[in-house]
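Before I ask anything, let me first share the structure, which is written out below as structure tokens.
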Amino acid sequence: MNFKPAQLENSLKSLGTNIKCIVLFGTNEGAIADLQKKCAEAVCGSIDDAFSYAQLEMENISKEGQELYAEYHAQSLMGGRRAIVVKNADNNLASVLKNMLPETNSENLLILSSSSLKTNSSLITWAKDREDVIICGLYEDREADLGSITQNMLQEKSLKADVSTLQLLCSRLSPDRKLNQGEIDKLAIYMGNRTEVTADDVRAAVSDVAGASAEDLCYFVAGGDVKKACKMYDRLIKEGAEPATLVRQIAYHFAKLLECAAQIEGNKSIDEVIKSIRPPLMFYRKTAFTNQLKIWNRARLLRIMKAVYETERDCKTTNMPAEQTAGYLVLRLADAAHNLAAKN
């Protein structure tokens, strides 16, 4: 049976003994580890209870799987259902489980976790049609979900943050929940006995693990943060980004600003314009985009678009120093935005 993460979490409260195995796979190692723990605790109460919880590494399981057989059929000295976790599970388990699960009378729960398995892996293909096995794919947290996931992490640490602080926090986090959990843990330690997280707390305790992003570059440029814009441009170039591609991303961002500016000149409010943007802005981008609309009017943006398109053309011209040409555009635009913001 194929479950979504939220569906699986909701079913844990009433997980029956008819479910013999849960397979957690995908690219989000943090989410896998988190849900693996919840699945085990739903059965055995605490993963610290050695009588009811066991963990095996795939590399320590032989081809015949006798180690897994032994753990899966063992009974707790204290009674009750046991949870057996296999970390880094791979397709070699498929043949073992094909024989073990149909024949077992054990009420224990087997939990397999892996970031290497894919939907077409033989183990997943075998498991998805079985009524006694649940498979659940966990992938990178989407930006649309990042706010609620981050807020839940804060609540688990008894921390609170207002909207602007949460926006700042999310902008520094990545799609990888494991990395994000580590940053939230650091923040909780930094906070001590305080519960109200401020923007200064986030800046002091949370590393920027969001990674190099062309979108971040666009926001730094259009928002007038010269230092961050230049630093992000250099970082993206070092990571292999093409200058012309970055210029095109900047063009797209300013084109979006231009479209919104034209609507504002047509007597629409900034709030109305932002709500009409498709695809919608991520919640932690709205404040920055609103501020950009306050400094970039339609006439200025038309001049900017001309300069951006000329730079993209130059970057594609033979014998032109593309990195320097695009870098100069980033510096000019960010500096212009900085000066405009200072006048407002």
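Please go through region 1-28 and pick out each residue that is buried (at least 17 other Cβ atoms within 10 Å of the Cβ) and either among the basic types (Lys, Arg) or within 14 Å of SER115 (Cα to Cα) (or both).
Residues satisfying the conditions are LYS20, VAL23, LEU24, PHE25, GLY26, ASN28.
Restricting to region 234-267, name every residue that is of a type in the set (Lys, Arg) and either surrounded by 15 or more Cβ atoms within 10 Å (Cβ to Cβ) or in contact with a Leu (Cβ under 8 Å, 6 or more places away or on another chain) (or both).
Filtering region 234-267 down to residues of a type in the set (Lys, Arg) leaves 235, 238, 248, 256.
Listed by number, the residues that qualify are ARG235, ARG248, LYS256.
Let's see how each residue does on (1) touching a helix residue (DSSP H, G or I) at 6+ places or on another chain (Cβ under 6 Å); (2) outside the structural domain of MET232 (by TED's automatic domain parsing); (3) under 30 Å from GLN75 (Cα atoms); (4) at pLDDT 90 or above:
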position: LEU109; (1), (2), (3), (4): yes, yes, yes, yes
position: SER113; (1), (2), (3), (4): yes, yes, yes, yes
position: SER116; (1), (2), (3), (4): no, yes, no, no
position: GLY147; (1), (2), (3), (4): yes, yes, no, no
position: GLN167; (1), (2), (3), (4): yes, yes, no, no
position: SER171; (1), (2), (3), (4): yes, yes, no, no
position: ASN180; (1), (2), (3), (4): no, yes, no, no
position: ALA188; (1), (2), (3), (4): no, yes, no, yes
position: ASN193; (1), (2), (3), (4): no, yes, no, yes
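Which of the residues spanning region 146-184 are assigned to a helix (DSSP H, G or I) and loosely packed, with under 14 Cβ neighbours inside 10 Å? Steps first, answer last, please.
From region 146-184, those assigned to a helix (DSSP H, G or I) are 146-156, 163-171, 177-184; that's our starting set.
Scanning region 146-184 gives SER148, ASN152, GLN155, GLU156, VAL163, SER164.
Here are LYS306, LYS286: which of them is charged (D, E, K, R), at pLDDT below 90 and either surrounded by fewer than 14 Cβ atoms within 10 Å (Cβ to Cβ) or not assigned by TED's automatic domain parsing to the domain that holds LEU168 (or both)?
Working: LYS306 fails: at pLDDT below 90.
Step by step, each of LYS306, LYS286 is checked, and only LYS286 is charged (D, E, K, R), at pLDDT below 90 and either surrounded by fewer than 14 Cβ atoms within 10 Å (Cβ to Cβ) or not assigned by TED's automatic domain parsing to the domain that holds LEU168 (or both).
Being touching a Phe, Trp or Tyr at 6+ places or on another chain (Cβ under 9 Å) and polar (S, T, N, Q) is the filter; apply it to region 45-83 and report the residue that is nearest to SER116 (Cα to Cα).
SER46
Does VAL85 meet the test of being at negative phi, within 32 Å of the chain's Cα centre (by Cα) and not in a helix (DSSP H, G or I)? Walk me through how you get there before you give the answer.
Numbers: at negative phi: yes; within 32 Å of the chain's Cα centre (by Cα): yes; not in a helix (DSSP H, G or I): yes.
When the stated conditions are applied, VAL85 passes them.
Let me ask something additional. Could we say that LEU257 is closer than 30 Å to GLN151 by Cβ, at pLDDT 90 or above and either within 29 Å of the chain's Cα centre (by Cα) or not polar (S, T, N, Q) (or both) here?
Details: closer than 30 Å to GLN151 by Cβ: yes; at pLDDT 90 or above: yes; either within 29 Å of the chain's Cα centre (by Cα) or not polar (S, T, N, Q) (or both): yes.
In short, yes.
Sort through ALA307, ALA222, ALA251 and tell me the only one that's under 17 Å from ALA334 (Cα atoms) and over 31 Å from the mean Cα position of the chain (by Cα).
Values: ALA222 fails: over 31 Å from the mean Cα position of the chain (by Cα); ALA251 fails: over 31 Å from the mean Cα position of the chain (by Cα).
Testing whether each residue is under 17 Å from ALA334 (Cα atoms) and over 31 Å from the mean Cα position of the chain (by Cα) leaves just ALA307.
Looking at region 88-123, which of the residues that are part of a loop (DSSP other than H, G, I, E, B) and among the hydrophobic types (A, V, I, L, M, F, W, C) is farthest from LEU15 (Cα to Cα)?
Per the stated criteria, the residue is LEU117.
Determine whether ALA244 is out of contact with any Gly (no Cβ under 7 Å at 6 or more places or on another chain), over 24 Å from PRO5 (Cβ atoms) and not assigned by TED's automatic domain parsing to the domain that holds ARG285. Walk me through it before giving the result.
Details: out of contact with any Gly (no Cβ under 7 Å at 6 or more places or on another chain): yes; over 24 Å from PRO5 (Cβ atoms): yes; not assigned by TED's automatic domain parsing to the domain that holds ARG285: no.
Taking the combined requirement at face value, the residue does not satisfy it.
Here's something else I'd like to know. Which of (1) assigned to a loop (DSSP other than H, G, I, E, B); (2) under 34 Å from the mean Cα position of the chain (by Cα); (3) more than 23 Å from GLY182 (Cα to Cα) is the odd one out, the single condition SER76 does not satisfy?
Evaluating SER76 over (1) assigned to a loop (DSSP other than H, G, I, E, B); (2) under 34 Å from the mean Cα position of the chain (by Cα); (3) more than 23 Å from GLY182 (Cα to Cα) leaves (2) as the failure.
Ok, one more. Among the residues that make up region 298-310, is at least one of them in contact with a Pro (Cβ under 9 Å, 6 or more places away or on another chain) and assigned to a helix (DSSP H, G or I)? It would help to see each step written out before you state the result.
From region 298-310, those in contact with a Pro (Cβ under 9 Å, 6 or more places away or on another chain) are none; that's our starting set.
No, region 298-310 contains no residue that is in contact with a Pro (Cβ under 9 Å, 6 or more places away or on another chain) and assigned to a helix (DSSP H, G or I).
Let me ask something additional. What are the pairs, 6+ residues apart or on separate chains, where a residue within region 76-98 that is modelled with pLDDT under 90 has its Cβ under 9 Å from a residue that is among the charged types (D, E, K, R) and crowded, with 17+ Cβ neighbours inside 10 Å?
Final answer for the pair search is SER76/ARG82.
Could you please find all residues in region 195-205 being more than 11 Å from LYS157 (Cβ to Cβ) and out of contact with any helix residue (DSSP H, G or I) (no Cβ under 8 Å at 6 or more places or on another chain)?
Residues of region 195-205 that are more than 11 Å from LYS157 (Cβ to Cβ), as a first pass: 196, 198-205.
If the condition is that a residue be more than 11 Å from LYS157 (Cβ to Cβ) and out of contact with any helix residue (DSSP H, G or I) (no Cβ under 8 Å at 6 or more places or on another chain), then GLU196, ASP200 are the ones that fit.
The values are calculated or read from the model by the stated rules, or taken from the named source; none is laboratory data. As the structure is a prediction and not an experimental result, all values here were calculated from the model. Glycine gets a Cβ as well: all are built from the backbone with ideal geometry, and neighbour counts include every protein chain shown.
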